[in-house]
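All remarks here apply to the structure that follows.
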Amino acid sequence: MLCSMNKKGIRIFTTALFMSVCLNQITFAGQWKQEGSTWKYQNDDGSYVTNNWQWIDGKSYCFDSNGNMYANTTTPDGYTVNGDGQWVVDEVVQTQNANNATATSSDEFPLKGKVEKYFCREVNNEGVVNLVPRFNGAHFPCPHCASQGFVCPEGVHGKAYIFQKAIEDKDISILYPEGGYNLAVLAILSGYNETNIPSKDKPETTELLNEVKEFMNSFDWRNASDLEKATRICNRIQQASYDHDAANEADTTGWSNSVSYGAYGCLVKGKAVCQGYTEAAGLLGYAVGLKTFDMGDIGHTYPLFLVDGIWLANEPTTQDKYFTVADVYKYNPIYRTMLMTGADTSNYTSKDKYQVIGDYCYNTGYTMPDEAQVRKFGNTRTVFDKIAIDFKSEYR
């Protein structure tokens, strides 16, 4: 038995559960392609499997960023594959049956194969190899990134390549690197063992990990719709009360060390400011496979959720129980000021005009939805001239 069912849904238990449901895709079409001494797998649509595991004819194979199959080695995420590239445990090939079940495992890594793309390594002054967020301008690029296929084109600096990569992959998570306790939680949930994980043994990490697991166990996130995921994330982060003391401290001194500015404060301590709510939403989004980002204005931020291709916003600081269609193309404060003062903006690009989310959406061809498109989520109404969708009560 790979998972335990209760009234809250499927619980996180095993690597096998991840391998059968969360990570791999069942493949019914496609073909193997040999290139020299390596093998690749071409999907029915002509694309190749890259940076992922995939079930093929009942066996699981792992492929690198160039689509090359790993063979007779340990994969970057710590699994063993034999000479034919098949996942093995104690030299036994693991197989997939008609119910998508595999051999059992005692490990519980529900995010394995989902988040490792965002991990990299750095050696500190003591020679310890530590886990770091890959797509961080201060880190990227590095030789290890290059060895995994992340190579900056000549003349392009790290931050520019990170944005370029996000556009190419249509993966906004590349622009949302997690660090600290959040990074440790994601690494633990993915079974990452390539490096030392800073903060792994800190009590704060354990507390935060338990809260994330409890949230994942509270509903069947693997089969949930994007709207359900977003609604449940909002309901969870809104359990935290707004920390006026932390906000006032920052307003008065220009800085605050309060945990309310992070996911830990929101999810564990039950207090948050806008940044804490938004960070918690991002962490839970990573956990259940929902793309999130942030948006805001001077001194304020709030979370966005990509729900069936539409960016929806929520304001947790006022406990709003509805989403609005996110105005991703709202001009940033500097550009608004330039327009108000009549400055010459003729040479401005999307990067100069919009917030990061707007620049990303512009370069990926995102169009603002009309009300008819939004009605697929249910009845709509207007709130402050924006299309709004109330939370569904069944997603509490």
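The values are calculated or read from the model by the stated rules, or taken from the named source; none is laboratory data. Because the structure is predicted, anything quoted here is derived from the model rather than measured. Positions of Cβ are generated from backbone atoms using ideal geometry, with glycine treated the same way; all protein chains shown enter the neighbour counts.
Among the numbered conditions (1) closer than 30 Å to Tyr335 by Cα; (2) modelled with pLDDT of 95 or more; (3) surrounded by fewer than 18 Cβ atoms within 10 Å (Cβ to Cβ); (4) among the hydroxyl-bearing types (Ser, Thr, Tyr), the only one that Ser241 does not meet is (1). Which of the residues belonging to region 74-119 are closer than 22 Å to Cys145 by Cα, modelled with pLDDT under 90 and in a loop (DSSP other than H, G, I, E, B)? Selection gives Thr75, Pro76, Asp77, Gly78, Tyr79, Lys112, Gly113, Lys114. A Cβ distance below 6 Å, combined with a sequence gap of six or more or placement on separate chains, defines the contacts here; from region 137-151, residues that are over 13 Å from Ile162 (Cβ atoms) reach residues that are in a loop (DSSP other than H, G, I, E, B) in the pairs Gln148/Ser65; Gly149/Ser65; Gly149/Asn66. Selection of first residues in region 241-259 that are among the charged types (D, E, K, R) and of second residues that are surrounded by 13 or more Cβ atoms within 10 Å (Cβ to Cβ) and in a loop (DSSP other than H, G, I, E, B), restricted to Cβ pairs under 8 Å at least 6 apart or on distinct chains, gives the following pairs, ordered by first then second residue: Asp243/Ser258; Asp243/Val273; Asp245/Ser258; Glu249/Ser256; Glu249/Ser258. Exactly one residue among Lys202, Lys159, Lys165 is over 30 Å from Thr80 (Cα atoms) and among the basic types (Lys, Arg), and that residue is Lys159.
Quick grid of which residues meet (1) in a helix (DSSP H, G or I); (2) closer than 24 Å to Leu175 by Cβ:
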position: Ile334; (1), (2): yes, yes
position: Cys361; (1), (2): yes, yes
position: Met368; (1), (2): no, yes
position: Arg375; (1), (2): yes, no
position: Arg381; (1), (2): no, no
position: Ala388; (1), (2): no, no
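Sub-9 Å Cβ pairs linking a first residue in region 365-384 that is free of Cβ contacts under 8 Å to residues at least 60 places away in the same chain to a second residue that is aromatic (Phe, Trp, Tyr) and surrounded by 15 or more Cβ atoms within 10 Å (Cβ to Cβ), at least 6 apart or interchain, are Tyr366/Trp311; Tyr366/Tyr329; Tyr366/Tyr360; Met368/Trp311; Met368/Tyr329; Pro369/Trp311; Arg381/Tyr322, ordered by first then second residue.
Checking each residue in region 318-330 for being outside any loop (DSSP other than H, G, I, E, B) and either more than 30 Å from Ser241 (Cα to Cα) or under 24 Å from the mean Cα position of the chain (by Cα) (or both) picks out Tyr322, Phe323, Thr324, Val325.
Scanning region 131-149 for residues that are surrounded by 13 or more Cβ atoms within 10 Å (Cβ to Cβ) and in a loop (DSSP other than H, G, I, E, B) yields Arg134, Phe135, Asn136, Gly137, His139, Phe140, Pro141, Cys142, Gln148, Gly149.
If you check Asp294, Asp220, Asp226 for being under 20 Å from the mean Cα position of the chain (by Cα), surrounded by fewer than 18 Cβ atoms within 10 Å (Cβ to Cβ) and not β-branched (Val, Ile, Thr), only one passes: Asp220. With respect to the conditions (1) over 28 Å from Arg381 (Cα atoms); (2) without any contact (Cβ under 8 Å) to a residue 60 or more places away in the chain; (3) among the β-branched types (Val, Ile, Thr), Thr301 lacks only one, and its number is (1).
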